Amino acid sequence: MRYLLLICTPEMDDEAQFDQDVVKMNDDYGAFMAEMGPRGVLQGGERLRPTVDATSVRVRDGEVLATDGPFAETKEQIGGYFLVDCADLDEAIEVASKIPGAKGGTIEVRPVWEMEM
Amino acid sequence: MGEVEEAVARAFREEWGRVVATLIRSTGDWDLAEECTQDAFARALERWPADGVPRNPGAWLTTTARNRAVDRLRRGARGAAKERELAMTTDPPPPVDPDDDEDAGVTDERLRLLFTCCHPALPLEARVALTLRTLTGLSTEEIARAFLVPEPTMAQRLVRAKRKIRHAAIPYRVPPGHQLQERLPGVLAVVYLLFNAGYAASTGDALVRTDLTGEAIRLARTLVDLMPDEPEAQGLLALLLLHDARRPARTDAAGELVPLEAQDRSQWVRAGIDEGVELLDSALRRHQPGPYQIQAAIAACHATATTAAETDWVQIAALYAELGRHVPSATVELNRAVAVAMAAGAAAGLAVVDRLEADGALDGYHLLPATQADLLRRLGRHDEAAAAYRRALALDPSAAEVRYLERRLTEVTTDALARRDRAAPRERRWPVA
């Protein structure tokens, strides 16, 4: 069973704070990868650039509308994701709880809609 | 009711949940499990009058329901269905996953079902509904009636919950050790919620509501049987039994709520109190106190007082303080205020309530001004009491509470002069319903 774990965290405006936190964050994610890698649950995952670099695209009446910024202006934004393959929701919850972003942020666990063969 | 119908009714109460749980485990299909269990009971009504009641009704029903499921899957003959059919021909069914032995100590099927129904990934209202539907066999219509929602709404709630179990792969199992401690409170909370829905009912179908308290007690009993080492499960059952024992005295002939202080204690059900107290004692001997044991201890203080005046309010106030340490909450603190008022005088209780009011956590909750009002009344501060009663009435209390508050308001306004003539305000016992 595959799940997309969306890492929703408050975005940091303060660059100095950001630089300080990034070292710790890299360590934390390193530890997470070191645990989950050998376990074989990770299928993919990336860190995303902040929403100031985001573009939203809509097509309306055949016209492409591109606007700057994220889909929704909320305090927490998707800062990254992991695609995992787990036995069931309980395992996905356990993996999600170990993502460093779960502390202070929220991990949204979304089952992948598997296409029937 | 004839002897056979009675046997079927008893089997329904005792076996429904187990049969459904067993079938969900072997087919993985919740709807199929429910429908085939229903069919098995219909068949029992046909066959038992002629063949006699089987020696082991549960086994008869499980086999009949399972055969029915195999038939239906065979007729359905889809690829996935075929696979499940094959899985079912081996008896007992193979474990769902190899880690399953983790819950070997507590493998009763109903417990798996209960933990799955109460999974935190499901909305709370769906957990309650699903527990009732699958474990106790109440119909969708009965559940809808009990929770005062239209039947289609309840049906949709159940459909969505079952769909989520399938699509999000919520596991059908009792969580292993470390997760069990996290999940158990959620299960206990659903059972307690069920009980309260039946107990606190001021509206709705009285009969179904009474059934809810009965079902909650049965579920709590099942939990205690299945998890004998969990003192909180015992605490919950004790709490429910102690509350339920007071039920005959809670309403008068006209259906009005009678406050605890005024209840006819001879109407309390002695056997329920004795069982509750015994369970509580056995739970407390494990020295792992928790919110349900503490609440049961408070209920036991009330239930074992021969008269309202003999209630051990000092202990109750201490228990509320302890409860507040386990589950910090403003409503617990409000209850403590009432107990403090009874133990140490209205002024001491009022000080606690005033602190709560300043805190603001209970803004808009009618019991805050209602409590203030009663304490002010006891202190003879009738004008302030009247103002507080009016604030409480403005916050939309239940019909029974409106009648109580209005009666008190009339007392403090119209009798104010007469009361002021007395040397001291007459001490009245505080109602804790």
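Observations
Let's see how each residue does on (1) surrounded by 19 or more Cβ atoms within 10 Å (Cβ to Cβ); (2) in contact with a helix residue (DSSP H, G or I) (Cβ under 7 Å, 6 or more places away or on another chain); (3) among the hydroxyl-bearing types (Ser, Thr, Tyr); (4) modelled with pLDDT under 90:
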| position | (1), (2), (3), (4) |
| --- | --- |
| B:Leu130 | yes, yes, no, no |
| B:Arg163 | no, no, no, no |
| B:Ala189 | no, no, no, no |
| B:Ala200 | no, no, no, yes |
| B:Leu207 | no, no, no, yes |
| B:Thr210 | no, yes, yes, yes |
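- Test: residue in segment B:251-268 that is within 14 Å of chain A (Cβ to nearest Cβ), part of a helix (DSSP H, G or I) and free of Cβ contacts under 8 Å to residues at least 12 places away in the same chain: no
Residue-by-condition table, conditions (1) over 13 Å from the mean Cα position of the chain (by Cα); (2) of a type outside the set (S, T, N, Q):
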| position | (1), (2) |
| --- | --- |
| A:Gly37 | yes, yes |
| A:Arg49 | no, yes |
| A:Thr67 | yes, no |
| A:Pro70 | yes, yes |
| A:Thr74 | yes, no |
| A:Cys86 | yes, yes |
| A:Glu108 | no, yes |
| A:Glu114 | yes, yes |
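- Search result, residues across segment A:66-117 that are outside any loop (DSSP other than H, G, I, E, B), more than 10 Å from chain B (Cβ to nearest Cβ) and β-branched (Val, Ile, Thr): A:Thr67, A:Ile78, A:Val84, A:Val95, A:Thr106, A:Ile107
- Pairs where the first residue, in segment B:281-297, is without any contact (Cβ under 8 Å) to a residue 24 or more places away in the chain and the second is part of a helix (DSSP H, G or I), C-beta under 6 Å, 6+ apart: B:Ala297/B:Leu319
- All positions within segment B:306-343 that are closer than 20 Å to B:Arg378 by Cα and free of Cβ contacts under 8 Å to residues at least 12 places away in the same chain: B:Glu310, B:Asp312
- Within segment B:103-123, the residues that satisfy the criterion of being more than 14 Å from chain A (Cβ to nearest Cβ) and at pLDDT below 90 are B:Ala104, B:Gly105, B:Val106, B:Thr107, B:Asp108, B:Glu109, B:Arg110, B:Leu111.
- Evaluation of B:Ala44 against the conditions (1) closer than 28 Å to B:Arg160 by Cβ; (2) at pLDDT 95 or above shows that the sole unmet condition is (1).
- Boolean, B:Leu375 is part of a loop (DSSP other than H, G, I, E, B) and either hydrophobic (A, V, I, L, M, F, W, C) or surrounded by 14 or more Cβ atoms within 10 Å (Cβ to Cβ) (or both): no
- Look at segment B:166-183: where a residue is facing another protein chain (nearest Cβ under 7 Å) and a partner is among the aromatic types (Phe, Trp, Tyr) and surrounded by 16 or more Cβ atoms within 10 Å (Cβ to Cβ), sitting 6+ places away or on another chain with Cβ atoms under 8 Å, you get B:Pro175/B:Phe115.
- Test: A:Lys24 is of a type outside the set (Ser, Thr, Tyr), touching an Asp or Glu at 6+ places or on another chain (Cβ under 9 Å) and loosely packed, with under 11 Cβ neighbours inside 10 Å: no
The values are calculated or read from the model by the stated rules, or taken from the named source; none is laboratory data. Keep in mind the model is a prediction, meaning the values are calculated, not measured. In this analysis, Cβ positions are derived from the backbone assuming ideal geometry, glycine residues included, and neighbour counts consider all displayed protein chains.
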